[in-house]
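The values are calculated or read from the model by the stated rules, or taken from the named source; none is laboratory data. Here the structure is a predicted model, which is why all the values come from computation and not from measurement. Ideal geometry is used to build each Cβ from the backbone, glycine not excepted, and the neighbour counts take in all protein chains shown.
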Amino acid sequence: MNKSQIIALYDQDQRKDVAYPNMRREVTPNVVRHIDTSGTGEGIITYSQLNEANVEDTVREQVSYFASIGQDFEWKVYDYDRPSDIKERLGSYGFMVEEAEALVVLDLEDAPETLWQPVRHNVQRILDPEKLADVQTIEQQVWDEDVSWVAHFLGSALSNYPEQMSVYVVYINEKAASAAWTYFSENSQFASLWGGATISGYRKQGLYTALLAIRAQEAKARQVRYLTVDASTMSRPILEKFGFEMIAYTFPCKWKLKSQ
């Protein structure tokens, strides 16, 4: 995998051109931003083209804009963005800079044979929003934080754009043990993997691998070329064993209206 070529492709596909359901995409001279239209989410800046001359004014402009529409937003910074200290500038301006995540990418043409083997575990695709309680229960137990948004977010996706979201749960003895989902952007070479979580008592039984394999197989069948994950420090080593390569660190920088 040529890292610079992948970054260029990713930037064009997933940062400049990407569109999200329930969001309005806006392109300005310096940023690409997405405005939540559902009334329940936040906005996001996916791409910026800044330099020393325009960075301060652009940050102020974006904060002012989102404040004018009464919406929190995230500015997602990549470690290769310019200027190189943009993350620090956002932090000093009042953004909450969250922990770094490793953006890892797998070219499915180079994926190991392990991912193409039949999945032996009882993995079920969730099509009925009413059955998302199992997913939320798993995420709640694993992360021990408020994940009430999960059922709403995935339920809205399955109801309104089911072709773009695939949700899977692994069951052991009829009990929900592990869950994950895939988001398929429209007309994209990339699909992103999310939510991979296994309840502690069911770990080291290959459930994470089973969910990874079934999602890779679906992506390949849908003629997607690349899988991406915003990987935590816990999942990154596992993903790298399956051929994922890190192309950048990303930093979610959050602006809340109360920050003003």
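So here's what we get for this one:
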| item | result |
| --- | --- |
| Residue in the stretch 203-211 that is out of contact with any strand residue (DSSP E or B) (no Cβ under 7 Å at 6 or more places or on another chain), outside any strand (DSSP E or B), closer than 30 Å to Val97 by Cα and touching a residue at least 12 places away in the same chain (Cβ under 8 Å) present | no |
| Checklist (1) over 30 Å from Asp85 (Cβ atoms); (2) under 15 Å from the mean Cα position of the chain (by Cα) applied to Ile214, failing item | (2) |
| Number of the condition not met by Gln189 [criteria: (1) free of Cβ contacts under 8 Å to residues at least 60 places away in the same chain; (2) at negative phi] | (1) |
| Residues located in the stretch 128-168, provided they are among the aliphatic types (A, V, I, L, M) and in contact with a strand residue (DSSP E or B) (Cβ under 8 Å, 6 or more places away or on another chain) | Leu132, Val135, Ile138, Val142, Val150, Leu154, Ala157, Leu158, Met165, Val167 |
| Segments classed as strands (runs of 3 or more DSSP E), wholly inside the stretch 101-185, with at least 1 members that are over 18 Å from the mean Cα position of the chain (by Cα) | 122-126, 165-172, 175-184 |
| Some residue of the stretch 231-247 being among the charged types (D, E, K, R), within 30 Å of Ser92 (Cα to Cα) and out of contact with any Ser or Thr (no Cβ under 7 Å at 6 or more places or on another chain) | yes |
| Pick from the stretch 47-92, criterion among the charged types (D, E, K, R) and part of a loop (DSSP other than H, G, I, E, B), ranking: surrounded by the most Cβ atoms within 10 Å (Cβ to Cβ) | Asp81 |
| Some residue of the stretch 141-155 being modelled with pLDDT of 95 or more, under 20 Å from Pro21 (Cβ atoms) and surrounded by 15 or more Cβ atoms within 10 Å (Cβ to Cβ) | no |
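Yes/no per residue for (1) under 30 Å from Gln62 (Cα atoms); (2) crowded, with 16+ Cβ neighbours inside 10 Å:
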{"residue": "Lys220", "(1), (2)": "no, yes"}
{"residue": "Leu227", "(1), (2)": "no, yes"}
{"residue": "Ser232", "(1), (2)": "yes, no"}
{"residue": "Pro237", "(1), (2)": "no, no"}
{"residue": "Lys241", "(1), (2)": "no, no"}
{"residue": "Met246", "(1), (2)": "yes, no"}
{"residue": "Cys253", "(1), (2)": "yes, yes"}
{"residue": "Lys256", "(1), (2)": "yes, no"}
